[in-house]
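All remarks here apply to the structure that follows.
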């Protein structure tokens, strides 16, 4: 079961409590085993979350020590400044476009190829390896560097287009196309959802197909009545998580644009903007406010996804 | 964020309704006794399509490798991957092109990666054992919290974490990148191991219990040896993610002698006044090589680990 599935089960369990209380014979041992994680949770996750929420209401400069010189409380000042800044909204818009285009395209491609690859196709493992490799390398700086050259003015893509007499632009340097090159890079890493879809397809009981065949269901019918419904929890799971992660993309936008988010802020993904505000302009209070806004946005997208899932995700249990 | 998704009208997933072409691909699971000519043509078409997609996927990588072996002036003059004029010159130049020899950066990346692997194996396996095998107060709540931290955007803890490490005087050391691993901050691996331990036969643990083994012994002598595949998956993923990590080193490491390969490679973009693309390509290949080797060796564990946890 996926992490989302686990959460769903836990939430249900919490609601239907009422049976005999669970016994806790292993308290001491368990908390000893959990000690490193619990310390990490407090020091590096829970504590910092509270702190960044607080800092988002202060004027905190990176160069001052918060202990020797506590940052000034400025209320909603950072949020007001953020919402009044057209560069912020540009970055927000760029990111939302990036997420809403590249995530669905990546998942559709992964799903289609998973359906083709399923059921003992000859050469399955070779295809799978080839499709999977880019998603392991895709997060690295080297690949982003490669991308700059593939989509450059004299790059690989234009060399290919030249065969057809097309004189392509410098994709990386063009405000209308630069974001597209990063989206293509994202889609190029469709191998990881592909693997998950393949695993999901394997879990569909053969029995269902046999029964449907005996009843005379056509291939099309079997696909839409068995394969697709039983795959919807996995599609949903991939969709939720890929959206969460795509919102946080940084490396590719940074390297492809040489750290500037250019041309013309066309590739200024949210995290890149946040990095520039916090670590280049030293405005950590504003960067904290941006981080919390991001959490709210991602949370809203996730909640919307869960709400929408009622209408299309089918659970077999 | 919970849902009650019981009685859902099946299959209204319009997003994938365009999959009609693939319908035939999904359905025929039984090995049909005889293959009609139509099936054969379908199969040929399918493979042709898959091979085409494979070439598109892999071509940029092949081009990168070939270009790194071409003389600099040939790289963009002739974009083809078929050439006889090959040289290792770019590797020699690129190795010494930056402020330090590339071996420095490779060593830094190796130190960070190996330490991260040890940290993750240590801390995540301990936590996973508790979640999977022990009964304790607050287990469900903590488990839910653990799952949620996997999905938490890192930006929201970033600035206080940076402040902590800065106040500790750990900037320009590897500690900010390593210490969190020893405290199981990569909770994804806890989840991966929990899934694995849960699937082990319960009888083994009960037998050890009856023999009077304490939890530490059961963990060390029964659980760990059995969960080697999960540990391997963790080690491989940790390696790939740490080796590729760019954001962490970018903010915590400012001195060139502390750079890992990811940040060092950035140097080629910063100084690209000359047009030494060959060196940049060559060192890019060098930086990808460890990932590629790990992929080849560990593919089995990667795919298995991915499939069982559904990746996060």
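Structure summary
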quantity	calculated
Candidate set: region A:235-252, residues that are in a helix (DSSP H, G or I) and facing chain B (nearest Cβ under 7 Å); chosen: the one farthest from residue B:241 (Cα to Cα)	A:235
Unmet criterion (only one of (1) more than 8 Å from every other protein chain (Cβ to nearest Cβ); (2) under 17 Å from the mean Cα position of the chain (by Cα); (3) at pLDDT 95 or above; (4) buried (at least 21 other Cβ atoms within 10 Å of the Cβ)) for residue A:271	(1)
Qualifying residue in region A:114-123 (condition: closer than 23 Å to residue B:61 by Cα, modelled with pLDDT under 90 and more than 9 Å from chain B (Cβ to nearest Cβ))	no
Matching entry among B:192, B:177, B:171, B:126 (being within 24 Å of residue B:251 (Cα to Cα) and either facing chain A (nearest Cβ under 8 Å) or in a helix (DSSP H, G or I) (or both))	B:177
Selection within region A:88-128 - more than 22 Å from the chain's Cα centre (by Cα) and on the phi < 0 side of the Ramachandran plot	A:115, A:116, A:117, A:118, A:121, A:122, A:124, A:125, A:126, A:127
Number of positions in region A:39-59 that are buried (at least 16 other Cβ atoms within 10 Å of the Cβ) and facing chain B (nearest Cβ under 8 Å)	10
Residue under evaluation residue A:182, criteria (1) surrounded by fewer than 23 Cβ atoms within 10 Å (Cβ to Cβ); (2) more than 9 Å from chain B (Cβ to nearest Cβ); (3) within 29 Å of residue B:280 (Cβ to Cβ), criterion not met	(1)
Single residue of A:266, A:291, A:303, A:217 found to be over 21 Å from residue A:3 (Cα atoms) and either touching a strand residue (DSSP E or B) at 6+ places or on another chain (Cβ under 6 Å) or in a helix (DSSP H, G or I) (or both)	A:291
One residue from A:152, A:200 being under 30 Å from the mean Cα position of the chain (by Cα), at pLDDT below 90 and closer than 16 Å to residue A:266 by Cβ	A:152
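The values are calculated or read from the model by the stated rules, or taken from the named source; none is laboratory data. Only a predicted model underlies this, so the values are computations on that prediction, with no experimental measurement involved. Glycine also receives a Cβ, built like all others from the backbone with ideal geometry; neighbour counts cover every protein chain displayed.
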